[in-house]
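This report concerns only the one structure given below.
The values are calculated or read from the model by the stated rules, or taken from the named source; none is laboratory data. As the structure is a prediction and not an experimental result, all values here were calculated from the model. Every residue, glycine as well, gets a Cβ built from its backbone with ideal geometry; the counts of neighbours run over all protein chains shown.
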Amino acid sequence: MRKEILELLMQTDGYISGEKLSRHLGVTRAAIWKNINQLKEQGYEIESITRKGYRLISSPDIFTEQELQYGLHTKALGKKIFCRDVVDSTNQLGKQEALKGAPHGTILLAEQQLKGKGRRGRSWVSPSKTGIWMSCILRPKLLPQQAPMLTLVTGLSVCKALRQTTGLEAYIKWPNDIVLNGKKICGILTEMNAEMEQVHYVVLGMGLNVNQETFPDEIRSLATSLKIEGGETYNRKKIIQKILTALEADYESFMETKDLSLLLSEYKRYCITLGKKVKVIQGEEVIYGKAVDLTARGELVIQKDDGSYIAVFAGEVSVRGLYGYI
Ligand code: BTN
């Protein structure tokens, strides 16, 4: 019943009387009062005024499907949301659920990851209740070689969502990091299951540092959080909703052409890599040059120090002046 009460409180602009609540739900006003107190214990701030009723003032920053869906106006993303306290990895869970048939747009969220995965076999530090450790299952009609572009799409969506919700100047470090004041704030890990001609599903994993106040020694010089940079505690739910809204729109634009042509000018505007000296490690090869452009297929065009041009799609790219440039 708590769920229904919360729903009615959320839907009501202003006060809803105890009588109306009890009529609606077919229970006594005493039962309503008891449930309201339980909600308060969970962290919901609810005002109660005699003869007026109850009014929801604020919700705690916890993840529940209901909380996250309230105020979220997407078509597919977030129609199903798995919220967990602790998991090994939301990407791992995403792959399991995708294999069981979870629909396009399913979201997996956890307060904490014990084995958060980063790219290239690295781990992703995912402490409890501070960040957004989220994965999204997509089922796009794409060829396997087109799917990595979704990482760039996601980077753009996250970057825009962060700018909109915090006003902070987030940038994309091509292809899949989001940076703030020269340090990494978000990483994206895309995994897929496909056969030669067709993608079965893609799991987009996003790790966003939100309210951490400090980082382990090994990554302190590389990583940062919204709280460290913005000086305030951010509501993770609002950020998630903005990310999902932006991602759905950008995903639709991407699927229209199955490349980045409709998103390219926006991506370039936020891409901190362009115009910078870069070092790209591709297997055994190390390439030095300047990042000069980005193609609609998501490749970074580099003018090498010898004057020639190459386009790289994958590879470890470090940007001079940013963390990780060796
Ligand atoms: C990177 O920059 O190396 C990518 C980091 C991706 C981390 C996220 S957190 C949510 C999802 N689950 C995981 O295990 N990894 C991704």
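Among residues of region 67-99 being β-branched (V, I, T) and within 10 Å of the ligand (Cβ to nearest atom), the one that is farthest from the chain's Cα centre (by Cα) is V87.
The rows are residues; the columns are (1) within 12 Å of the ligand (Cβ to nearest atom); (2) surrounded by fewer than 16 Cβ atoms within 10 Å (Cβ to Cβ); (3) closer than 23 Å to G78 by Cα; (4) of a type outside the set (A, V, I, L, M).
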| site | (1), (2), (3), (4) |
| --- | --- |
| G101 | no, yes, yes, yes |
| K117 | yes, no, yes, yes |
| K129 | no, yes, yes, yes |
| A161 | no, no, yes, no |
| L189 | yes, no, yes, no |
| V199 | no, no, yes, no |
| V202 | no, no, yes, no |
| P216 | no, yes, no, yes |
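For region 99-125, residues that are modelled with pLDDT of 95 or more and in a helix (DSSP H, G or I) total 1. Across region 218-247, the number of residues qualifying as away from the ligand (no atom under 16 Å from the Cβ) and either within 25 Å of K141 (Cα to Cα) or outside any loop (DSSP other than H, G, I, E, B) (or both) comes to 10. Residues that are of a type in the set (S, T, N, Q) and part of a helix (DSSP H, G or I) within region 82-98 comprise T90, N91, Q92, Q96, listed in sequence order.
So that you can scan it fast, the table gives a plain yes or no per residue for (1) modelled with pLDDT of 95 or more; (2) over 17 Å from I107 (Cβ atoms):
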position	(1), (2)
V210	yes, no
F215	yes, yes
S221	no, yes
K227	yes, yes
G231	yes, yes
R236	yes, no
T245	yes, no
Y251	yes, no
F254	yes, yes
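Residues that are buried (at least 16 other Cβ atoms within 10 Å of the Cβ) and not β-branched (V, I, T) were ranked within region 103-115; the one that is nearest to the ligand (Cβ to nearest atom) is Q113. The condition of being surrounded by fewer than 15 Cβ atoms within 10 Å (Cβ to Cβ), touching a residue at least 12 places away in the same chain (Cβ under 8 Å) and either out of contact with any Phe, Trp or Tyr (no Cβ under 6 Å at 6 or more places or on another chain) or in a loop (DSSP other than H, G, I, E, B) (or both) holds for G275.
Could you say whether any residue in region 43-56 is of a type outside the set (S, T, N, Q), touching a residue at least 12 places away in the same chain (Cβ under 8 Å), out of contact with any Phe, Trp or Tyr (no Cβ under 9 Å at 6 or more places or on another chain) and within 16 Å of the ligand (Cβ to nearest atom)? Within region 43-56, none of the residues are of a type outside the set (S, T, N, Q), touching a residue at least 12 places away in the same chain (Cβ under 8 Å), out of contact with any Phe, Trp or Tyr (no Cβ under 9 Å at 6 or more places or on another chain) and within 16 Å of the ligand (Cβ to nearest atom). So for region 15-25 (the condition being part of a loop (DSSP other than H, G, I, E, B) and either over 30 Å from T130 (Cβ atoms) or within 29 Å of the chain's Cα centre (by Cα) (or both)), does at least one residue qualify? Yes, region 15-25 has at least one match. Just to be sure before I move on: is I287 in contact (Cβ under 8 Å) with a residue 40 or more places away in the chain and among the hydrophobic types (A, V, I, L, M, F, W, C) in the structure I sent? When the stated conditions are applied, I287 does not pass them.
When region 138-154 is filtered for residues that are away from the ligand (no atom under 12 Å from the Cβ) and surrounded by 15 or more Cβ atoms within 10 Å (Cβ to Cβ), the ones remaining, listed by number, are L138, R139, P140, L142, P144, Q146, A147, P148, M149, L150, L152, V153.
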